[in-house]
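Only the coordinates and a few stated rules stand behind these numbers; no lab work does. Predicted model only: the values in this text are computed from it and were never measured. Positions of Cβ are generated from backbone atoms using ideal geometry, with glycine treated the same way; all protein chains shown enter the neighbour counts.
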Amino acid sequence: MAKRGGFPGGMMPGNMNNLMKQAQRMQRQMEEQQKELEEKTFTATAGGGAVTVEMSGKKEVTKVAIDPEACDPEDVETLEDMVMAAVNDALHQVEEANSAVMGKLTGGFGGLGF
């Protein structure tokens, strides 16, 4: 029986071209979404609003606001904990937004290393 032409695994050149175009389109979309995400600002608070932290999508803290009422010289640890909680919350928001964007773009490609 004669062996038919084509590529290993039954892929045809036309299918490969379509797959490459699809991958390039996905890469452009990912780059656009990443840029949009980096331009966003995420805000988190702690201590009932005593500490507010703003963070860019690049994971850079851009602003920290502390209510003067939260500044107790006898209890610096509480203020430190509030700052840390607000920063971690803002960072978590950035990570969630990033995961949502990537999940939406990669869809069914998760198992393929995308």
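Three principal axis extents of the stretch 16-58 based on alpha-carbon atoms, in descending order, are 56, 14, 9 Å.
Calculated from the alpha-carbon coordinates, the stretch 23-114 shows an Rg and a Dmax of 17.3, 58 Å respectively.
Working from label points 7 Å from Cα in the Cα-to-Cβ sense, the E95 to A65 distance is 2.6 nm. When each of M55, M26 is scored by the number of other beta-carbon atoms lying within 10 Å, the sequence from fewest to most is M26, M55. Taking 0.36 nm per residue of separation and subtracting the current Cα-Cα distance, fully stretching the chain between E54 and E31 would add 6.0 nm. Residues V64, V87, V53, V76, ranked from the fewest to the most other C-beta atoms within 10 Å, line up as V76, V64, V87, V53.
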